[in-house]
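K.L.:
I have a structure here, written as structure tokens, and I will follow up with some questions on it.
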Amino acid sequence: MILVNTSHITETFLPVEGTESPEILELTGDVTPAGEIRYKLSASMAGQDLVVRGEASVPVKTECARCLREIVCTLHAGEICIVRENVPEREVDITSDIREELLLTMPARFLCSEECKGLCPGCGADLNVKKCTCGKKKTARKESVPENSPWAVLDQLKTDR
Ligand SMILES: [Zn+2]
Ligand SMILES: [Zn+2]
């Protein structure tokens, strides 16, 4: 749980930093956590409202949408801004906010590199390391794997409940 203790916030701000288990992301399917969530936030009060700003990131393991190689990417939410109105003077749980911020950074598809040549649809050769021999070179750059929408991931999470 990521908690902000509002009674500790002075007139300026309270740093809220640390790590959190990636379990809170409830990742399913092709994307699995490869390390802890790191967050570096600062909390302040605007009247009765709690404002938390900062960044969070988590490494995830998945496969390249073009060449299907296993890769580790970092989901990085760089401009987090959470506002909670009328918070009481006690601990406020922002775990679900951080979870959502990170899930929103999920790209439509993961690539090992923008330059990835993918697999030949004809012979299946990994065109990053091999030359195609089947002669279908011209269509080789076409995506051979359907795109994963980030919304599909969120939908999946919803139906799991
Ligand atoms: Zn690739
Ligand atoms: Zn080929």
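Just so you know, all these numbers are worked out from the coordinates, no wet-lab data involved. The model shown is predicted, which means the values in this text are computed figures rather than measured ones. Neighbour counts are summed over all protein chains in view; Cβ atoms, including those assigned to glycine, are modelled from backbone coordinates with ideal geometry.
K.L.:
May I ask you to say which residue of 85, 89 is surrounded by fewer than 14 Cβ atoms within 10 Å (Cβ to Cβ) and without any contact (Cβ under 8 Å) to a residue 60 or more places away in the chain?
P.N.:
85
K.L.:
I want to confirm something. Restricting to the stretch 57-82 and keeping residues that are within 16 Å of ligand 1 (Cβ to nearest atom) and either assigned to a strand (DSSP E or B) or over 25 Å from residue 128 (Cα atoms) (or both), which single residue is farthest from the chain's Cα centre (by Cα)?
P.N.:
70
K.L.:
If you don't mind, another one. Hey, among the residues in the stretch 57-82 that are in contact with a helix residue (DSSP H, G or I) (Cβ under 9 Å, 6 or more places away or on another chain) and within 27 Å of residue 116 (Cβ to Cβ), which one's surrounded by the most Cβ atoms within 10 Å (Cβ to Cβ)?
P.N.:
Only one residue fits best here, namely 58.
K.L.:
May I ask you to list the residues in the stretch 36-56 that are assigned to a loop (DSSP other than H, G, I, E, B) and either touching a strand residue (DSSP E or B) at 6+ places or on another chain (Cβ under 6 Å) or on the phi < 0 side of the Ramachandran plot (or both)?
P.N.:
Across the stretch 36-56, the qualifying residues are 36, 48.
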